[in-house]
Amino acid sequence: MDALAGYGSDDGGGGGGGGEDDAREDDGGGDDRADAAKKRPRDASDDDDDDAEADDAAATTRFGRVRAFEHVEGNFATHVRAPIAFPSDASTTDALRASLRAMRAKMPSLRAIGDDAPAAPATRPRADADADADADADVLPASLHVSLSRVFPVRAEARKPLVAALRARLAAANVDAFFVAATDFDVFTNDDETTTFLALRLEEASTSAAPTRERRGGFAGLIAAVDAALRAKGHPTFYADPKPHASVMWAPGNVSRALRKIVSETKGSPGLGFRGWAVPIERVACAVSGSPEVAVWARLSSAVTLPPPPSSP
């Protein structure tokens, strides 16, 4: 069932959330610059929606995030993505928050996605919870999403035709809602290695509604439809081998090797680690800098059965 009407018009929807930059996955070997394997792209404003309009003409955001492409007057950074929910279970969210706080204690330059405020100096003590009154609030982003496109520039007059093309292609794709499971942490850098991301690895969870010849399932179906709409408008398509994930924190520079080590240490610490959860993908939005995001596809997840939660390692 098409539930697009339930998500509002071009004027509705909400901005927000963080995501990924033009990114590469760290493979765990070599130095920080050689350790990054190609992933998926985005502009600095994609993770900083609140600051996108103010920073649209700047080469970097206020505190060091580098733009993915040169600013041209009248161009707007645009990104297609699927929002995902935080765990409904408070204990799982608390465990995620505790792990992120432990990682930031070891790497104070880590910031929540969407937070472009100055990072804490390395000399600032972080271990004592009382030393940072907002520690709980700022290690998690305001929202989560998984990218379905690169970040690319769009002219103001081309925004509505692009939204129409995305809606048409996604409707024709006959993709049902599906579930994804957050299964582990991942580390990425952007293409020019100016930013490192800590992300949640997302894997499609099996459901009771298997794809058929008429209905393509999961990320492959959504990405193929988005690619078709973007290709027809002359925009770049997504990577051939995308690695679905939701970024939660970022740090300036290529610190992938150090961050991967911190992730490993944190997962091995008593009381910390990763507790997975499953959520539906039932909405796709087109986000344009300086404007509320617009729904371009939606399905009701009640048509499929929620799989059992992933078992903890």
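General observations
- Yes/no for V284 being touching an Asp or Glu at 6+ places or on another chain (Cβ under 9 Å) and either crowded, with 17+ Cβ neighbours inside 10 Å or in contact (Cβ under 8 Å) with a residue 40 or more places away in the chain (or both): no
- From the options S247, S289, residue that is hydroxyl-bearing (S, T, Y), at pLDDT 95 or above and surrounded by 20 or more Cβ atoms within 10 Å (Cβ to Cβ): S247
- Scanning region 293-309 for residues that are more than 18 Å from L148 (Cβ to Cβ) and modelled with pLDDT of 55 or more returns L300, S302.
- Conditions (1) over 26 Å from L148 (Cβ atoms); (2) under 16 Å from the mean Cα position of the chain (by Cα); number of the one not met by A285: (1)
- Contacts under 7 angstrom Cβ, first residue in region 157-175 being touching a residue at least 60 places away in the same chain (Cβ under 8 Å), partner surrounded by fewer than 15 Cβ atoms within 10 Å (Cβ to Cβ) and in a helix (DSSP H, G or I), 6 or more apart: A165/A232
The values are calculated or read from the model by the stated rules, or taken from the named source; none is laboratory data. Computed from a predicted model, the values in this text were never measured in an experiment. Every residue, glycine among them, receives a Cβ derived from its backbone with ideal geometry; neighbour counts consider all protein chains shown.
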